[in-house]
Amino acid sequence: MISYSEALKRLLHCAPLPTTSLPIQQACGFVTADRITSPQSVPPFTNSSMDGFAIRSEELATATPNAPVILTIVGSTAAGESPANAKGGTWEIMTGAALPQGYDAVVKIEDVECVGDRVRFTAPIGKGENVRLAGQDFNLGDVVVSPGDIIGPAQIMALAAVGQKNVTVHRKPSITLLNTGKELVQNTDIPLKPGQIRDASGPYLMTMLEALRYGANYGGLVPDDDKLFRARLEDILAEGAADVVISTGAVSAGKFDFIPDILRTLGAEIVFHKVTNRPGKPVLYARFANGIHYLGLPGNPVSTAVGSRFFALPLFRHLQALPEEKPLMARLLTQTRKVQGLRFFCKAHASVSEDQSLQVEVFDGQESFRIKPMLQANCWAVFDEDRSEIAPGETVAIYPLMPDRWMLRPLYA
C-alpha cells in the first residue's frame, strides 16, 4: 500500500495524448496545444459605438446651450457599409458603422436636436468619445490563446473575432466504463431480490463524465465471473478505441476480486494497487504495453466517486497536458476525527462567511455506502495521512465535487 501522493506521481508518469485540429465551434472544453496570435486588428476599422452623428471634435469646442454649433447633415452610414469620405458638416452614423475619414467623435442622437438637414450641438465633446478604435480590442499579433488554455465560450468568441477557423488541441481521452457485481440491478422496473442492490456507481460515472464533456462508452455490467470479465475486457482491448478503461468493483482481496490477476495474465503492468485513502483504499491502476490505462475503482458508490474525482480526473487532466489541480483552502467549522495513516476525503459543504472568508462544514455519514450526504455537499474536504484529529478553526484543503462546478450548490446557499 502506498500513499496518495506517491500513487498520483506514478499515475501521472505518462505522456499526454497526441494533438488534433478542430473547428473552433467543436473545441469547447479542449486544451490548446499551440499559441495563436491575432492575424488582424479587432475592430478592423474605427467605428461608432452609438447611434448618432460623427463630427470633428474641434468644431464643437465652443458649443453651449446658449451658443450652439449647428452643422449640416452631409450623409448617412450604417454598419456593414464602406467608410465614407466626408468633407465638412456632420455625418449621421449607426452603431458599428465605420467612422468617416477625418472625423474623431460621435455625439449620441439623444444629445442633439435635429431640424431638417441641420443638427444643433449644445456641448463640446472629447476626441474619441463614443468611438471604437481600430485594434482597441486586439492588435495584429496579440496573443489570443496560449498552450494549456482551456477553451470555453469566451475563447471561442475571441478566436471567431480574429478570424481563426481551426485550433490545435490535445485530444481528450476516450473512456470505456465497466461495472462488475452480480448483486447489481440496473433495470429499475424489476423488484430487488434478497441480496440485490441498485447500480448507483455506473450512472454516477457516466453522468459525471458527460457533465465534464468527456465522452464515455458503457461496456456493460459483468457478473462476478472471471471468464466473462476477461472476455469482455479482451473485446475492449481488441477494439482499440479506449485510451482509458475504468471498472467498478472486484479489486479488493475477496474471492470474487479477480481483476488484478486478469490484468496480469493479459500483460498489464500493475502500477499500484491499494492506496492509503478512505474511502477507496483498494484502488488499482495498471498500464498495458500499447499505452491503454486501466483504473479499477472499488464498488461502493462513494468510493467510486472519490476514485473518479482524485484518480481518474487527474489522469484525464494530465493526458490533456494540464497541470495538477490545486485545492482551495477553507476554515474548518466541524471537529473531525480520522484514522491516522489514511488520507480522508470527506463529503462537505463550503460557504462564504460573514467576513467573506471561505469556510467548510464536514458532514456526518462519511461511510462509503452513504450517498445521502452527497446531496448536501458541494466539495470534498481532504485531510492528510499524518493527522488523527482536526479542530474547528484549522485551515484545510477543499476541492469542488467536480472541477469548476461549485455552483451545483452555491457557496452562499
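Observations
- Computed over neighbours whose Cβ is under 13 Å from that of PRO314, the net charge equals +3, Lys and Arg +1, Asp and Glu -1.
- In segment 328-408, Cα pairs under 8 Å separated by at least six residues give a relative contact order of 42 percent.
- Loop sites in segment 316-384: chymotrypsin sites (Phe, Trp or Tyr not before Pro), DSSP, at most 10 other Cβ within 10 Å: none
- Cα-based shape type of segment 328-408, given that a ≥ b ≥ c are square roots of the gyration tensor eigenvalues and the cut on a/c is 1.5: oblate
- Modelled this way, with points 7 Å down the Cα-to-C-beta line, the labels at GLU113 and GLN376 are 6.7 nm from one another.
- Rounded to the nearest Hz, the phi-derived 3J(HN,Hα) couplings of segment 62-73 under the Karplus curve 6.51 cos²θ - 1.76 cosθ + 1.60 (θ = phi - 60°) are 9, 5, 9, x, 7, 9, x, 9, 10, 10, 8, 6, where x marks glycine and proline.
- Across the chain, the relative contact order, built from alpha-carbon pairs under 8 Å that are at least six residues apart, equals 16 percent.
- Total charge dipole magnitude, the chain, about the Cα centre, Cβ charges on Lys, Arg, Asp, Glu only, Debye to nearest 20: 1180
- When VAL107, VAL162 are sorted by how many other C-beta atoms sit within 10 angstrom of their C-beta, beginning with the fewest, the order is VAL162, VAL107.
- Dipole moment magnitude, nearest 20 debye, segment 328-408 about Cα centre, only Lys, Arg, Asp, Glu C-beta charged: 300
- Cα gyration tensor shape for segment 237-343, rounded if a/c is under 1.5, else prolate or oblate: oblate
- The local environment of SER5, defined by Cβ-Cβ distances under 12 Å, has a net charge of -2 under the rule Lys, Arg +1 and Asp, Glu -1.
- Sorted largest first, extent of segment 168-209 alpha carbons per principal axis (Å): 53, 17, 11
- ASN139 paired with ILE73, simple spin-label distance in nm, labels 7 Å along Cα-to-beta-carbon: 3.8
- Within segment 205-278, chymotrypsin sites (Phe, Trp or Tyr not before Pro) in DSSP loop having at most 16 other beta-carbon neighbours inside 10 Å: PHE256
- Computed from the Cβ-Cβ distance with R0 of 30 Å, the FRET efficiency linking GLU239 to CYS28 stands at 0.65.
- Annotation: amide H of THR180 within the under-5 Å range of VAL222, THR248, sequence separation 5 or more or interchain, hydrogens built in the peptide plane.
- Semi-axis lengths, Å, segment 63-142, gyration tensor of Cα atoms, sqrt of 5 times eigenvalues: 25, 15, 10
- When the Cα gyration tensor is reduced to axis lengths a ≥ b ≥ c, the ratio a/c is 1.5 or higher for the chain, and with a/b above b/c it is classed as prolate.
- Charge context of ILE236, other residues only, Cβ under 13 angstrom, K/R +1, D/E -1: -2
Only the coordinates and a few stated rules stand behind these numbers; no lab work does. Just so you know, these numbers come straight off a predicted model, no measurement behind them. When we count neighbours, we look across all protein chains shown, and the Cβ atoms used for this are built from the backbone with ideal geometry, even at glycine.
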